[in-house]
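Okay, so here's the structure we're looking at.
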Amino acid sequence: MLYNEPSPLETRVLTRRFGLPNSASLATYLANDGYQAFLKALKMTPGQIIEEVKISNLRGRGGAGFPAGMKWSFVPRSSPKPKYIVVNADESEPGTCKDRLLMENDPHQLIDGVLIAGLAVDAHVGYIYIRGEYRYLIDIMEKAIAEAYANGWLGKNIQGSGFDFDLYPHTGAGAYECGEESALLESLEGKRGIPRIRPPFPAVSGAFQAPTVLNNVETFCAVPPIIRDGGAAFAALGVPKAGGTKLTCLTGHVNKPGVYELKLGFPVKQMIEEVGGGIRNGKKLKAFIPGGSSCPVLTAAELEGATMDYDSMTHRKTMLGSGGVIIMDEDTCMVKAALRIMRFYAHESCGWCIPCREGTTWLRKILTRFHEGGGRRTDIDLIGDLAKNMLGRTFCPLGDAAAMPTISIVEKFRHEFEDHLDGKPCPYEHATHLVTA
Amino acid sequence: MTFSPQLEARFEKLLKSYPPGRERSAMIPMLLYAQDEVGSVNDAVVDEVARRVGVTPLQVNEVLTYYSMLHRKPLGKYHVQICTNISCQLMDGDKLWEHACKRLGIGHKEVTADGQISLEEVECIGACSWAPAIQVNYDFHHFVTPEKLDQLLDSLRKKQ
């Protein structure tokens, strides 16, 4: 089901079947171009499939934005080892709730995309790693997979093509870190979700130490439209270096929060005002996070002329990330926001790398003290320095993910930290209470 | 130790889902599914899963302590998980959490005296656009207000 009204400003490519009766069923999928892309891909060479994905300018939708076609081309097809397709459905970046909808409303589109990836790299087995909290999606995927097997879209000799593929859902059990590709692979092997050192990258040595294509749910779901309508058509929807649409999750202080499929390059202001219905209660925007809590925050002034795409956000020293947009109005306490974000990373740090394990915990303690009114003036620089010392010093990006928003909040909202000094209770929280009292 | 026929069938399927010799991959799903049936990952579950995937109980313990959804002690019949992460906090998820603690008289990872309801302050559960969000066992509830939460807790109590 859908949890918010669609917007007329959406460009519905991946979500085009959402809202159809029984949209999760094979019958609905087949009646609406379902598996046509896979049938077309069967007649293409692996090189042609990968080329089409490259032409589409599809970039990874999990957060890092790595070009998908290039990732696929790194898999050594000639390797004697079996190859695997792994779907990252561990969606847990704060602010992000989109992959859930893709699996819930159109699970066969995901299977279609996985099959095409299988053809491209000569893989015959795939796993969908679904976060444990999404139990209902395990049921939905199991049902869709069973239906696909029963009708010859999975299993041996798919549709008489001679191509075999087996697909299995796999549940996680609560760990943000397992959304990181190498930790996910460890978890898939029945271990603690601790990152692996790279290289080798998963394309060469991934699941079970064999070549593996590992992409986000949304990335795989973009593949059927790309193959069906051509990479160029998909590329044309976006901006020069990033094709297609992005499922964008509007969260926080907007009138119409929800998940919307928008063309890459969609203007941020229009997204907030028209898609999101503006800031609630007629308030002003204070801070904006484009793609999940790992991204540096932007101020309202920095959003002038900004568009929702990788380059526009990189240009502003932040990231498009996962598309989890977090919108904070003028009454938000940025120290409290920084603290909540750090509490999360301190909880989720797997403990493998010391700068991350100690850094997140130390920062959590300082920010807690600060927000409670026990902060010292020297703490403000200490927070920034500590965070900067975590950057680039860990196996996986969790350390950076904790540091980057923190550094940006200290730099851009230093006055809010100063307002908390001298044992004052949080001035922002206080103001909110007075208004609502 | 034996489980329900449905769970046994699920385990059988799981153990065949991974390459030969890689049965250990089934460990985490087995622990979570067993916990759903048994109520916790107790010593018997640890031993049984270890035996079935071919590792030592110590190796199972080492893994299960990593995952926040796996727990060694039973929680309430209804496990109420309230997200207070950034998107939910902005929509007063933190106040919802305080309200729930006060109303039930229990805190983080605690169980009511009758064993019916437990509480947990959780990290992002992937319902950010419909915040504040909670999960009761595996069921999502979106746009939860203190009033809605009270009604929900009352209905859970009545279900006893």
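Of note:
- The conditions of being touching a residue at least 40 places away in the same chain (Cβ under 8 Å), loosely packed, with under 15 Cβ neighbours inside 10 Å and not aliphatic (A, V, I, L, M) are not met by B:Lys102.
- Of the numbered criteria (1) within 19 Å of the chain's Cα centre (by Cα); (2) assigned to a loop (DSSP other than H, G, I, E, B), the one A:Thr248 fails is (2).
- Tallying residues that are closer than 22 Å to A:Lys98 by Cα and in contact with a His (Cβ under 8 Å, 6 or more places away or on another chain) within region A:292-345 yields 2.
- Qualifying residue in region A:66-78 (condition: more than 26 Å from A:Asp311 (Cβ to Cβ), touching an Asp or Glu at 6+ places or on another chain (Cβ under 6 Å) and in contact (Cβ under 8 Å) with a residue 40 or more places away in the chain): yes
- Here is the figure for region A:82-96: residues that are of a type in the set (Lys, Arg) and facing another protein chain (nearest Cβ under 10 Å) total 0.
- All conditions but one from (1) at the interface with chain A (Cβ under 8 Å from one of its Cβ atoms); (2) under 20 Å from the mean Cα position of the chain (by Cα); (3) closer than 19 Å to A:Arg135 by Cα apply to B:Gly76; the one that does not is (1).
- Selection of region B:65-107 for residues being among the aliphatic types (A, V, I, L, M) and closer than 25 Å to A:Ile341 by Cα yields B:Met69, B:Leu70, B:Val80, B:Ile82, B:Ile86, B:Leu90, B:Met91, B:Leu96, B:Ala100, B:Ile106.
- Scanning region A:201-214 finds no residues that are small (Gly, Ala, Ser), buried (at least 24 other Cβ atoms within 10 Å of the Cβ), out of contact with any Ser or Thr (no Cβ under 6 Å at 6 or more places or on another chain) and farther than 26 Å from A:Ala144 by Cα.
- Subset of region A:191-200 (residues that are at the interface with another protein chain (Cβ under 10 Å from one of its Cβ atoms) and surrounded by fewer than 23 Cβ atoms within 10 Å (Cβ to Cβ)): A:Lys191, A:Arg192, A:Ile194
- Residue, surrounded by the most Cβ atoms within 10 Å (Cβ to Cβ), within region A:168-180, restricted to residues that are out of contact with any strand residue (DSSP E or B) (no Cβ under 8 Å at 6 or more places or on another chain) and more than 7 Å from every other protein chain (Cβ to nearest Cβ): A:Glu180
- Flag if B:Gln89 is closer than 23 Å to A:Cys350 by Cα and either in contact (Cβ under 8 Å) with a residue 24 or more places away in the chain or within 12 Å of chain A (Cβ to nearest Cβ) (or both): no
- Only listed residue being of a type in the set (A, V, I, L, M), more than 9 Å from every other protein chain (Cβ to nearest Cβ) and over 26 Å from B:Tyr67 (Cβ atoms), chosen from A:Ala337, A:Ala300: A:Ala300
- Applying the set (1) touching a residue at least 40 places away in the same chain (Cβ under 8 Å); (2) buried (at least 16 other Cβ atoms within 10 Å of the Cβ) to B:Leu31 leaves exactly one unmet item: (1).
- Scope region A:251-291; condition part of a loop (DSSP other than H, G, I, E, B), within 14 Å of chain B (Cβ to nearest Cβ) and either touching a helix residue (DSSP H, G or I) at 6+ places or on another chain (Cβ under 8 Å) or surrounded by 22 or more Cβ atoms within 10 Å (Cβ to Cβ) (or both); matching residues: A:His253, A:Asn255, A:Lys256, A:Pro257, A:Gly276, A:Pro290, A:Gly291
- Extreme residue, nearest to the chain's Cα centre (by Cα), among residues of region A:144-167 that are within 14 Å of chain B (Cβ to nearest Cβ) and assigned to a helix (DSSP H, G or I): A:Ile145
- Across region B:31-48, the number of residues qualifying as on the phi < 0 side of the Ramachandran plot and either at the interface with chain A (Cβ under 9 Å from one of its Cβ atoms) or not aliphatic (A, V, I, L, M) (or both) comes to 11.
- Complete set of residues in region A:104-127 that are within 11 Å of chain B (Cβ to nearest Cβ) and of a type in the set (A, V, I, L, M): A:Val125
Every number in this text was worked out from the coordinates using simple rules, so none of it is lab data. Computed from a predicted model, the values in this text were never measured in an experiment. All Cβ positions, glycine included, derive from the backbone under ideal geometry; neighbour counts span all protein chains shown.
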